[in-house]
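Since the structure comes first, as structure tokens, the remarks are kept for the end.
The values are calculated or read from the model by the stated rules, or taken from the named source; none is laboratory data. Predicted, not measured: the structure shown is a model, and the values here were computed from it. A quick note on method: Cβ atoms are made from the backbone with ideal geometry, for glycine too, and the neighbour counts reach across all protein chains shown. Surface accessibility is based on the protein's heavy atoms, side chains included, excluding ligands, DNA and RNA. Shrake-Rupley method; radii C 1.70, N 1.55, O 1.52, S 1.80 Å.
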Amino acid sequence: MILNETHDGSIGTWVSSGNSADTDFPLQNLPLGVYSQDDGRTRRVGVAIGDMILDLAATADRGLLTRSPAGVASAQAALDRALRAPTLNELMALGRGAASALRRSLFDLLRGGSPHQAVLQECLVPIAAVAMQLPARIGDFTDFYTSLHHASRAARAMRPGGELAANFRHLPIAYHGRASSIVISGTPCSRPHGLLGPDPAGARYLPSQALDFELEVGAYVGSGNALAAPVSLDDAETHLFGVSLVNDWSARDIQRWEAQPLGPFLSKSFMTSVSPWVVTLDALEPFRLAPPTRKEDEPRISPALTSPGHAARGALRIGLQAGLETAVMRQLGQSPEVISRPDFADQYWTLAQMLTHHTSNGCNLQPGDLLSSGTVSGREIADAGCLLERTRNGAEPLRLANGETRSYLQDGDRLVYRGRCEHPGFAGIGFGVCEARIVSRE
């Protein structure tokens, strides 16, 4: 992918809200999602532009989405079916070429001066008037562990004297997560119960007292790979469809007791929140940069996990933030307080390296599978992507501006994630919101 007219920040849209300087969804973004106007019974694919959604099936019904990547009838028929599906999986399966062609068509239809404006007005729906749904049918979920700052601080916080795992600098560490409990932003987080440790009174399932958030970036698989067919690093991004925000909630007290020797289980599987909009890799092209430079004394990376192209622009510059709204703040009408601002560009391992390593043993990935980065943390502890790090496992509680403190999350707390890409000379783009409020299960 190279920069083209669709990245030109000087071109505006006839949808007035898409020209606002602070919108997440200008003409240069055009993220895809799935929405409903009838409590989820009917789900439709749409693209965000400003504060509106362009319904893609309705647009296709008017004969305005006729461009296919191959320019042949079979490819057009496949695209038509994908635009009428209840999830993005069929579109994801068509590959990055189809997504690029669709984005180009939508850019032309929505740009200022489009001759189709009057017709397309009939295909617009206010975002505020719909319920967003999971963008894809997620068959598998893999949670990685790719932030050096998080991995180092978390090891020390979880176990006194703990150190960074010996394998961290050699390969992208991950575990297989639970796909069935991935939910759309806005779904309440019910406090999990679990076994918290040795219990003289018997093995009782108790409410977690160390509920935590994890600020993550997720990538959806587009066209998959066949079983026993690894994907090379330079081909990895042709198998990725787009990026969303992820909150992989964690119960640290359950995790400490259960994780040895096999790793997280009930401490993570109770719920994972994802944002509704999927920002395509094409839209992210202006925000590419080189991954962090490795030091001379660090282990050499496997040749399978490095290349000149990847070393030049394998990372993504995404400014992330996690906001916390307590029940007291909500009662007083106060906005969530931003408690972390890491940048995704600082990750030790990139999305392409994650996918390449995942398939290196021949594992087959499928359209709609979700790969998540693991907690994204900055160099400074103020930009830690979870409370485990920020509070050193509760030993140094976080003090909020209103005087409240948090060692871990309380019932009524609401986490609000945002992400934004900025670079001089280009329109800034965002990811929408990933948020959820914690409620008691009792």
**Q.** Given (1) part of a helix (DSSP H, G or I); (2) at pLDDT below 95; (3) not polar (S, T, N, Q), number of the condition Asp108 does not satisfy
**A.** (2)
Q) If you take the residues in the range 379-413 that are in contact with a Pro (Cβ under 7 Å, 6 or more places away or on another chain) and part of a strand (DSSP E or B), which one is most open to solvent (accessible area, probe 1.4 Å)? A) Thr405
Q: May I ask you to list pairs of residues, at least six apart or on different chains, whose Cβ atoms are under 7 Å apart, with the first in the range 104-115 being in contact (Cβ under 8 Å) with a residue 24 or more places away in the chain and the second being part of a helix (DSSP H, G or I) and open to solvent by less than 10 Å² (accessible area, probe 1.4 Å)?
A: Arg104/Thr6; Phe107/Thr6; Leu109/Leu120
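Mind listing whichever residues of the range 140-164 are open to solvent by 50 Å² or more (accessible area, probe 1.4 Å), in contact with a strand residue (DSSP E or B) (Cβ under 9 Å, 6 or more places away or on another chain) and assigned to a loop (DSSP other than H, G, I, E, B)? It would help to see each step written out before you state the result.
So in the range 140-164, the residues open to solvent by 50 Å² or more (accessible area, probe 1.4 Å) come out as 140, 145, 156, 159-161, 163.
Filter once more, so that each one left must be in contact with a strand residue (DSSP E or B) (Cβ under 9 Å, 6 or more places away or on another chain): 140, 145.
Asp140, the sole residue that qualifies.
Does Arg288 satisfy the condition of being charged (D, E, K, R), over 16 Å from the mean Cα position of the chain (by Cα) and either more than 30 Å from Glu90 (Cα to Cα) or buried (at least 21 other Cβ atoms within 10 Å of the Cβ) (or both)?
Details: charged (D, E, K, R): yes; over 16 Å from the mean Cα position of the chain (by Cα): yes; either more than 30 Å from Glu90 (Cα to Cα) or buried (at least 21 other Cβ atoms within 10 Å of the Cβ) (or both): no.
Here the answer is no, as Arg288 does not meet what is asked.
Does Leu351 satisfy the condition of being open to solvent by less than 10 Å² (accessible area, probe 1.4 Å) and among the hydrophobic types (A, V, I, L, M, F, W, C)?
Details: open to solvent by less than 10 Å² (accessible area, probe 1.4 Å): no; among the hydrophobic types (A, V, I, L, M, F, W, C): yes.
No.
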Q: Find the residue count for the range 199-215, including only residues that are farther than 19 Å from Asn393 by Cα and out of contact with any His (no Cβ under 8 Å at 6 or more places or on another chain).
A: 6
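Please go through the range 114-139 and pick out each residue that is out of contact with any strand residue (DSSP E or B) (no Cβ under 8 Å at 6 or more places or on another chain) and either charged (D, E, K, R) or surrounded by fewer than 16 Cβ atoms within 10 Å (Cβ to Cβ) (or both).
Selection gives Pro115, Gln117, Ala118, Val119, Gln121, Glu122, Ala128, Ala129, Arg137, Gly139.
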Q) Taking the range 75-113 only, how many residues are surrounded by fewer than 17 Cβ atoms within 10 Å (Cβ to Cβ) and touching a Phe, Trp or Tyr at 6+ places or on another chain (Cβ under 7 Å)? A) 1
Q: Any chance you could count how many residues in the range 196-232 are open to solvent by less than 40 Å² (accessible area, probe 1.4 Å), of a type outside the set (Asp, Glu) and outside any loop (DSSP other than H, G, I, E, B)?
A: 8
Q: Sort through Gly362, Gly314, Gly323 and tell me the only one that's open to solvent by less than 20 Å² (accessible area, probe 1.4 Å), more than 28 Å from Ala436 (Cα to Cα), out of contact with any helix residue (DSSP H, G or I) (no Cβ under 6 Å at 6 or more places or on another chain) and not β-branched (Val, Ile, Thr).
A: Gly362
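Filter the range 278-291 down to the residues that are without any contact (Cβ under 8 Å) to a residue 60 or more places away in the chain and assigned to a loop (DSSP other than H, G, I, E, B), then identify the one that is farthest from Asn4 (Cα to Cα).
We begin by selecting, within the range 278-291, every residue without any contact (Cβ under 8 Å) to a residue 60 or more places away in the chain; these are 288-291.
From what is left, the residues that are assigned to a loop (DSSP other than H, G, I, E, B) are 290-291.
Working: Ala290: 20, Pro291: 23 Å.
Only one residue fits best here, namely Pro291.
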Q: Output the residues belonging to the range 33-56 that are open to solvent by 10 Å² or more (accessible area, probe 1.4 Å) and either of a type in the set (Val, Ile, Thr) or on the phi < 0 side of the Ramachandran plot (or both).
A: Gln37, Asp38, Arg41, Thr42, Arg43, Arg44, Asp51, Met52
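Got a number for residues in the range 175-191 being touching a helix residue (DSSP H, G or I) at 6+ places or on another chain (Cβ under 7 Å) and buried (at least 16 other Cβ atoms within 10 Å of the Cβ)?
Total satisfying the criteria: 2.
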